[in-house]
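Remarks on the structure that follows.
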Ligand SMILES: Cc1cc2nc3c(=O)[nH]c(=O)nc-3n(C[C@H](O)[C@H](O)[C@H](O)COP(=O)(O)O)c2cc1C
């Protein structure tokens, strides 16, 4: 089941202008909160955004790779209380990946928008811009935003022939 989801999965950046049903949003919220985290600390928090004006503001959080967020039905800002865990980045990444797969499992498309280490402009980080837009406190770091919506593009899963099997190693990295 998971394997076939992964075989089909792609990043989707074009969305139909159609809102998500409440039960789907509730399912995504549950998935987020069920994500595993180091020592079960759960440092992550998720800002679910359906307001079009807020989505448009977040779509300009960096010059490239975020503009499609304005057309998404939902943006999920994945952030964390950095005071709670030294591995909040890993915890957030797992939650975002699970959300991406859960969205795909219900016929939705989604795409990771990288925020950590990205810039709004020369002077302001994407994180600082988002912190101001969403009224996040200073101790909350922003890992990524997941854009979600009904797909308006069709993409096939990557063919098995394109997979880089040379990156798989058995028993040691190379022979002695
Ligand atoms: C850590 C990470 C950061 C990414 N950042 C962005 C991004 O900022 N904007 C974007 O459009 N796609 C982003 N992506 C999506 C990748 O571009 C995409 O996964 C990759 O090109 C492979 O395409 P596929 O997901 O369709 O297989 C990101 C993916 C990951 C895992």
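Within the range 109-120, does at least one residue satisfy the condition of being more than 14 Å from the ligand (Cβ to nearest atom) and over 19 Å from residue 52 (Cα atoms)? Before you say what the answer is, go through the steps one by one.
Just the residues of the range 109-120 that are more than 14 Å from the ligand (Cβ to nearest atom), to begin with: none.
Scanning the range 109-120, I find no residue that is more than 14 Å from the ligand (Cβ to nearest atom) and over 19 Å from residue 52 (Cα atoms), so the answer is no.
Among the numbered conditions (1) at pLDDT below 95; (2) under 20 Å from residue 154 (Cα atoms), tell me where residue 1 comes up short.
For residue 1, the exception is condition (2).
State which residue is surrounded by the fewest Cβ atoms within 10 Å (Cβ to Cβ) when the search covers only the range 1-23 and only residues that are touching a residue at least 60 places away in the same chain (Cβ under 8 Å) and more than 16 Å from the chain's Cα centre (by Cα).
2
Enumerate the pairs (first residue in the range 153-170 and more than 13 Å from the ligand (Cβ to nearest atom); second residue anywhere and in a loop (DSSP other than H, G, I, E, B)) with beta-carbon separation below 8 Å, excluding pairs fewer than 6 apart on the same chain, so at least 6 apart or on different chains.
Pairs that qualify, where the first residue is more than 13 Å from the ligand (Cβ to nearest atom) and the partner is in a loop (DSSP other than H, G, I, E, B): there are none.
The values are calculated or read from the model by the stated rules, or taken from the named source; none is laboratory data. Every value quoted in this text rests on a predicted model; they were computed, and no experiment measured them. Cβ coordinates were reconstructed from backbone atoms using ideal geometry, including for glycine residues, and neighbour counts include every protein chain displayed.
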